[in-house]
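Asker: Structure below; questions to follow.
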Amino acid sequence: MILDGKSPTGPIENTWDKHRFDMKLVNPSNKRKYKVLVVGTGLAGASAAASLGELGYNVETFCYQDSPRRAHSIAAQGGINAAKNYPNDGDSIRRLFYDTVKGGDFRAREADVWRLAQVSNNIIDQCAAQGVPFARDYGGYLDTRSFGGAQVSRTFYARGLTGQQLLLGAYSALSRQIKLGTVKLYPRTEMLDLILVDGEAKGITIRDLVTGKIRTHVGDAVVLCTGGYINVYNLSTNARGCSATAIWKACKKGAYMANPCYTQIHPTCIPQAGEYQSKLTLMSESLRNDGRIWVPKKHDETRPANEIPEEDRDYYLERKYPSYGNLAPRDISSRAAKEQCDDGRGVGPGGRGVFLDFRDSIKRLGEDVIRERYSNLFEMYERITDEDGYKVPMRIYPAPHYAMGGLWVDYNCMSNLPGLFVLGEANFSVHGANRLGASALMQGLADGYFVIPYTIGDYLAQTTPGMLKEDAAECKASMDEVEGSVEKLLSMGGKRTPAEFMRELGTIMWEYAGMARSAESLGQAIEKIPVLREEFWEDLKVAGAGSELNQQLENAGRVADFLEFGEMLCRDALNRDESCGAHFRVEHQTGEGEAERDDENFSYSAAWEYKGNGNEPELHKEPLTFENIHYAVRSYK
Amino acid sequence: MSPSKNDHKTMTLKLIVWRQNGPNEPGRFETYLAREITEHHSFLEMLDVVNEDLIKEGKEPIVYDHDCREGICGTCSQVINGLPHGGQTRTTVCQLHMRKFKDGDTIYIEPWRARAFPILKDLVVDRGALDKIIQAGGYTSVRTGAAVDGNSILISKEKADYAMDAAECIGCGACVAACPNGAAMLFTGAKVSQLAELPQGKVEAMERVNSMLGAMQECGFGNCTNHYECQASCPKDIDVKFISRLNREYLKALVF
Ligand SMILES: Cc1cc2nc3c(=O)[nH]c(=O)nc-3n(C[C@H](O)[C@H](O)[C@H](O)COP(=O)(O)OP(=O)(O)OC[C@H]3O[C@@H](n4cnc5c(N)ncnc54)[C@H](O)[C@@H]3O)c2cc1C
Ligand code: FES
């Protein structure tokens, strides 16, 4: 089937305004009759729930953590983009639009990206009004810095804690609505199923993570803001609880999964230290503004980093990409690091690391300035590695970080299932095949504050409220299904723990579908994953019972979903027989090892329809056309 | 390249851990061994190892809260050898590494203990009371879309930095657990101060301080008697000066 993204037509700079006018409105006095279920309280979910509550809708919101403020958005460090052009350095909505489409390697829908760039400026205003303490200059004006993949300074920040401050802003707006009674909060609650009525999303089934009770919540629309699926690699920069569960359950109910193979590997993370490791820690890429990346020129270098003279250092990013240098986009920087290590010039234990060196900027600016900019990152580095980044170069290595893919949505952020909206990292919309730094926070808040409040009205205005009742057969069926799968997880009585299975799946994903992929490696993954899945359903061991707080059980459920989702990711990667953005197929590269796109055959978004476990999913295509930007080879040289 | 400077020696540690099946059940200490732990294990990775062993032995693993494992979400919450987060300065449990311990050490692990934080299971407590305090007034009442341009209200760097110092609070509740009175003054003071310092938040400063303090009392938090254990245990080193600010803001609200 050919999918229609429903982009408005006409000059791109007018599309969002025109569309806002064309959409239907819900009468203010009718809004409270509609109930909206917002799953997730990160930037996307908290901003959506707060804004919808404020408009007068009856909102219920859910998160698996004990408080909405702990959603993984809290961990974002570097900053948030906006096209304010305060520094007067040539930025504009058009340039942010252009950079994002180009950064995504021409694999995103133009109109969605334009809207994102357009509302980016409102986000900064909104957050400042909430009391988000953005960095200011001595004149009291908002300060900005530059980030990978851009040549203008458009990234707003709050120390190295931008995600925290933006989330606390959205959380405060959400808290205000909770107090006012427009939003009801359900923390420590995990969504385990989506309920449809005649093909439209009208409810969810959840497990109360404290009591273990399974329950349904009914509404008139469901908004998934459940974050990314990058933990399919097991070790990543995401929180341990981040999972594909919510979007995968929706996919199993008929929502299409788009471009799952677009996974971002972040270049600046602390290298893995051992087998037991539970997560990889990101060092914000803002560090690349002042740190220089290098490896020794010699393969058998044994001198400590600081004793290696200039002529024996290879500043490979500066060498290969002179105009962007250390600020080359993430996918390019990550692959370059891998190349150096594959070439045997990596540093640190196991040779999987490259240096990020602040010596020169400390000399130029003084240690105080560097401290002022990044002290929390240096501190974090020292706590984990026991090394002082001011004195010896940091060691970094790429790690799975962000999911560009996600549930397919149209211009209204609505999936192919009417009534199911998907916001933030959980959808696939604006980043194409590669996301630029500081653009995820922007997207989450754009979707939640400035898109969904309009687009959900267009859907609700055309529906009758209260179509699903809690005692309906659809609810009962969904509860039975969820209860059945919880019981099954508990009953296996095998020998291996959920964590062990996840480690194995992560290894398969990283080895065969990681930074570089080939038809051969993907074929192997597609053989290995179902085998592991079978072992899981025979040899799983989950301690404890279902009727209590049981973290093993929660984890087992998430692993079960990753074991299915991971296979779909690999199939998508196999189907996409080109390299684009973060998706690097070794068969498709230039003589210099750069990604080679195939626009003739692959200028589409791939949306996969689940067809049952073990069956091949069905591919639907949404063709991409570019009317405002011409296809170009992405060059950062 | 040269081999790692830290070749892996392993340690064995004795853990004495609080176990409690549910909110109304009696709790008890149980003893476990953590084996083959290296200095690179984080404290939670050490517990992961112990839990995997327990599961293999057919026992129930220790339940504890965690999520980001990088010191920012505020989920992890354990009292280690009597100190919230283990007592290393500016460090959460998840950021604490085993190089701070030595082979053969005995480690006591307990949940946050405070009247306002009922224990749910083992090391997991209910901190919903902190959300209640924020819901009472920890915000500015701006509607989505109603904001003026970010640069139309200038804020001196000094004020922005002061607000940011307060805003760094991760809401973990260590301050409450450390306080002999189970007070949430540092948590509340930080939010009140952040918003009172900024022009955007100043407008509602008086109602805010009254309702947040009201919520604090309703939730069963104690009063501040100047022990300052809160700052000492705070993984973000939030300054007790924000408690004085809270008191000043409260007095201002009384006078007017
Ligand atoms: C370490 C790190 C640093 C980053 N730095 C930056 C940066 O500097 N700039 C930038 O732009 N981006 C950055 N990003 C990316 C950005 O933070 C995320 O993409 C973004 O915050 C995601 O927001 P979200 O609202 O979509 O999801 P999240 O914030 O992940 O929220 C997901 C929510 O869904 C809930 N949830 C999930 N599953 C379920 C379920 N089954 N049932 C119920 N609830 C569920 C969770 O409880 C949570 O509330 C960074 C990411 C990481 C990991
Ligand atoms: S787990 Fe997030 S702060 Fe410790």
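The values are calculated or read from the model by the stated rules, or taken from the named source; none is laboratory data. Being a predicted model, the structure only gives us computed values, none of them experimental. Reconstructed Cβ throughout: ideal geometry from the backbone, glycine too, with neighbour counts over all protein chains shown. The accessibility values were calculated without ligands, DNA or RNA, using every heavy atom of the protein model including side chains. Shrake-Rupley method; radii C 1.70, N 1.55, O 1.52, S 1.80 Å.
Asker: How large a share of the accessible area of the protein assembly as shown, in percent, is made up of carbon and sulfur atoms when the probe is 1.4 Å and the other protein chains stay in place?
Answerer: Accessible surface attributable to carbon and sulfur in the protein assembly as shown totals 49 percent.
Asker: Can you give me the distance in nm between label points at A:Val392 and A:Glu470, each placed 7 Å from the Cα along the Cα-to-Cβ direction?
Answerer: About 6.0 nm, to one decimal.
Asker: For labels at A:Val586 and A:Ser323 in the simple 7 Å Cα→Cβ model, what's the distance in nm?
Answerer: 3.1 nm
Asker: Among the lysines, which have Cα under 20 Å from the Cα of A:Lys469 when same-chain residues fewer than 8 positions away are ignored?
Answerer: A:Lys31, A:Lys33, A:Lys35, A:Lys184, A:Lys202, A:Lys213, A:Lys253
Asker: While we're here: What is the count of Lys pairs in segment B:127-255 whose alpha carbons sit under 16 Å apart, if the two are 8 or more places apart or on different chains? Before the final figure, lay out the partial values.
Answerer: Values: B:Lys132/B:Lys191; B:Lys159/B:Lys191; B:Lys159/B:Lys202; B:Lys159/B:Lys241; B:Lys191/B:Lys202; B:Lys191/B:Lys236; B:Lys191/B:Lys241; B:Lys202/B:Lys252.
Lysine pair count for segment B:127-255: 8.
Asker: Please say if segment A:201-273 is rounded, prolate or oblate, where rounded means a/c under 1.5 for a ≥ b ≥ c the square roots of the C-alpha gyration tensor eigenvalues, and otherwise the choice is prolate for a/b larger than b/c and oblate otherwise? Show your work: numbers first, answer last.
Answerer: On the way: a/c = 3.18, a/b = 1.66, b/c = 1.91.
Because a/c hits 1.5 or more and a/b fails to exceed b/c, segment A:201-273 counts as oblate.
Asker: I would also like to ask the following. Give the lysines whose C-alpha is closer than 23 Å to that of B:Lys56, dropping any in the same chain fewer than 8 places away, or say none.
Answerer: Here the lysines satisfying the reach criterion relative to B:Lys56 are A:Lys279, A:Lys488, A:Lys495, A:Lys541, B:Lys14, B:Lys121.
Asker: Once you average over the residues of A:548-556, how many Cβ atoms of partner chains fall within 10 Å of each Cβ?
Answerer: That average works out to 4.
Asker: Next up: Could you list the residues of segment B:71-85 with an amide nitrogen less than 17 Å from a label point located 7 Å from the Cα of B:Ala232 in the Cα-to-C-beta direction?
Answerer: B:79-85, by backbone N distance to the label point.
Asker: Amide H neighbours of A:Asp193 under 5 Å, counting only residues 5+ apart in sequence or on other chains, H built in-plane at 1.01 Å?
Answerer: A:Thr205
Asker: What is the Rg over Rh value, at two decimals, for segment A:535-637, using alpha-carbon atoms and the Kirkwood definition of Rh? Let's see the in-between values first.
Answerer: Numbers: Rg = 19.8 Å, Rh = 17.2 Å.
Result for segment A:535-637 is an Rg/Rh of 1.15.
Asker: If Lys and Arg each add +1 and Asp and Glu each add -1, what is the summed charge of the other residues whose beta carbon sits under 9 Å from the beta carbon of B:Cys68?
Answerer: In short, +2.
Asker: Hey, rough spin-label estimate for B:Arg28 and A:Lys24, points 7 angstrom out along Cα→Cβ, what's it come to in nanometres?
Answerer: 6.3 nm
Asker: Shifting gears a bit: Between B:Asp149 and B:Asn181, what length comes free when the chain is fully extended (0.36 nm per residue of separation minus the Cα-Cα distance, one decimal in nm)?
Answerer: So the extension gain works out to 7.2 nm.
Asker: What list of ³J(HN,Hα) values in whole Hz, one per residue of segment A:618-628 in order, does the Karplus curve 6.51 cos²θ - 1.76 cosθ + 1.60 (θ = phi - 60°) give from phi, with Gly and Pro shown as x?
Answerer: Computed from phi, the couplings for segment A:618-628 are 9, 8, 10, 10, 10, x, 10, 10, 10, 9, 10 Hz.
Asker: What ranking do B:88-96, A:75-83, A:168-176, A:455-463 get when scored by the average of other Cβ atoms within 10 Å per residue, highest first?
Answerer: A:168-176, A:75-83, B:88-96, A:455-463
Asker: On to the next question. Please say if segment A:360-518 is rounded, prolate or oblate, where rounded means a/c under 1.5 for a ≥ b ≥ c the square roots of the C-alpha gyration tensor eigenvalues, and otherwise the choice is prolate for a/b larger than b/c and oblate otherwise?
Answerer: Values: a/c = 2.65, a/b = 1.50, b/c = 1.76.
Judged from the Cα gyration tensor, segment A:360-518 comes out oblate (a/c at least 1.5, b/c at or above a/b).
Asker: In degrees between 0 and 90, to the nearest 10, how far off the longest principal axis of chain B does helix B:241-255 point, with axes built from Cα atoms?
Answerer: On a 0 to 90 degree scale, this one is about 30.
Asker: In percent, how large is the relative contact order of chain A, given Cα pairs closer than 8 Å and 6 or more residues apart?
Answerer: This gives 21 percent for chain A.
Asker: Ballpark to the nearest 100 Å², how much total accessible area do A and B bury together, probe 1.4 Å? Mind showing how you got there, number by number?
Answerer: Values: alone 24280 and 13770 Å², together 31020 Å².
Buried: approximately 7000 Å² between B and A.
Asker: ³J(HN,Hα) across segment A:429-443 via Karplus (A = 6.51, B = -1.76, C = 1.60, θ = phi - 60°), whole Hz, x for Gly/Pro?
Answerer: 5, 9, 8, x, 8, 6, 9, 7, x, 6, 9, 7, 4, 4, 5
Asker: Among A:Ser518, A:Gln589, A:Gln551, whose Cα projects farthest towards the positive end of the dipole of segment A:474-612, with charges put on the beta-carbon of Lys, Arg (+1) and Asp, Glu (-1)?
Answerer: Highest projection toward the positive end goes to A:Gln551.
Asker: Here's another thing I want to ask about it. So the label point goes 7 Å from the Cα of B:Glu204 along Cα→C-beta, right? Which residues of segment A:171-187 then have their backbone N under 14 Å from it?
Answerer: Under 14 Å, as judged by backbone N against the label point of B:Glu204, lie A:171-182 of segment A:171-187.
Asker: Can you work out ³J(HN,Hα) from phi for every residue in segment B:77-83, in order, using Karplus 6.51 cos²θ - 1.76 cosθ + 1.60 and θ = phi - 60°, giving whole Hz and x for Gly and Pro?
Answerer: Computed from phi, the couplings for segment B:77-83 are 6, 9, 9, 10, 6, x, 10 Hz.
Asker: Then there's this: Treating the beta-carbon of each Lys and Arg as +1 and of each Asp and Glu as -1, no other charges, what is the dipole magnitude of chain A about its Cα centre, to the nearest 20 debye?
Answerer: 1640 debye
Asker: Give the accessible surface of the protein assembly as shown per residue, rounded to a whole number of Å², with probe radius 1.4 Å and ligands, DNA and RNA excluded. Show your work: numbers first, answer last.
Answerer: Working: 31020 Å² over 893 residues.
On a per-residue basis, the protein assembly as shown sits at 35 Å².
Asker: Now, a different point. Could you order A:His630, A:His401 by accessible surface area, starting with the largest, using a probe radius of 1.4 Å? Intermediate values should be presented prior to the final figure.
Answerer: Working: A:His630 150, A:His401 30 Å².
Greatest to least solvent exposure: A:His630, A:His401.
Asker: Need the full-extension length gain, B:Arg90 to B:Tyr108, defined as separation in residues times 0.36 nm minus the C-alpha distance. One decimal, nm. Working shown, then result.
Answerer: Details: separation 18, 0.36 × 18 = 6.48 nm, distance 2.02 nm.
Result for the pair: 4.5 nm of gain on full extension.
Asker: Normalised by the number of residues in segment B:113-252, what is the relative contact order in percent for Cα pairs under 8 Å and 6+ residues apart?
Answerer: After rounding, I find 32 percent.
Asker: Moving on. Once R0 is set to 30 Å, what does the formula 1/(1 + (r/R0)^6) return for the Cβ-Cβ distance between A:Asn615 and A:Ala477, expressed as a FRET efficiency to the nearest 0.05?
Answerer: 0.90
Asker: I would also like to ask the following. Give me the inter-chain shielding for B:151-162: mean count of other chain Cβ atoms within 10 Å, whole number please.
Answerer: Details: counts 10, 2, 3, 6, 7, 5, 8, 3, 3, 10, 5, 1.
If you average over the peptide's residues, the count of other-chain Cβ atoms is 5.
Asker: Something else about it: If you count, for each residue, the other Cβ atoms within 10 Å and average over each peptide, how do B:79-86, B:175-182 line up from highest to lowest?
Answerer: B:175-182, B:79-86
Asker: If r is the Cβ-Cβ distance from A:Glu520 to A:Ala461 and R0 is 60 Å, what FRET efficiency results, to the nearest 0.05? Let's see the in-between values first.
Answerer: Working: r = 51 Å, r/R0 = 0.86.
Efficiency, from the Cβ-Cβ distance: 0.70.
Asker: Find the relative contact order for segment A:265-400 and round it to a whole percent, using C-alpha pairs within less than 8 Å whose residues are 6+ positions apart.
Answerer: Working: 206 pairs, mean separation 48.3, N = 136.
RCO, segment A:265-400: 36 percent.
Asker: Moving on. Just order A:555-562, A:349-356 by mean Cβ neighbour count inside 10 Å, highest at the front, would you? List each step's numbers first, then the result.
Answerer: Details: A:555-562: 23.2, A:349-356: 21.4.
Order by mean packing, descending: A:555-562, A:349-356.
Asker: Distance between the C-alpha centers of segment A:506-565 and segment A:26-53? Whole Å please.
Answerer: Each part's Cα centre sits 34 Å from the other's.
Asker: Ignoring everything except DSSP H segments at least 4 long, calculate the 222 nm mean residue ellipticity for the protein assembly as shown; use -39,500 (n - 2.57) per segment, divide by total residues, nearest 500.
Answerer: Computed mean residue ellipticity for the protein assembly as shown: -11000 deg cm²/dmol.
Asker: Relative to the Cα centre, what is the charge dipole magnitude of segment A:471-560, using +1 at the beta carbon of each Lys and Arg, -1 at the beta carbon of each Asp and Glu, and rounding to the nearest 20 debye?
Answerer: I would put it at about 360 debye.
Asker: Could I ask something else about it? Please report the equivalent ellipsoid semi-axes of segment B:127-255, computed as sqrt(5 x eigenvalue) of the Cα gyration tensor, largest first, in whole Å. List each step's numbers first, then the result.
Answerer: Values: eigenvalues 121, 51, 37 Å².
Square roots of five times the eigenvalues give 25, 16, 14 Å.
Asker: Next question. May I have the convex hull volume per residue, in Å³, for the Cα set of the protein assembly as shown?
Answerer: Taking only Cα atoms, the protein assembly as shown has a hull volume of 153 Å³ per residue.
Asker: Under the 0.36 nm per residue contour assumption, what length would be gained going from the current alpha-carbon distance of A:Glu310 and A:Leu180 to full extension?
Answerer: Full extension of this stretch gives 40.6 nm more.
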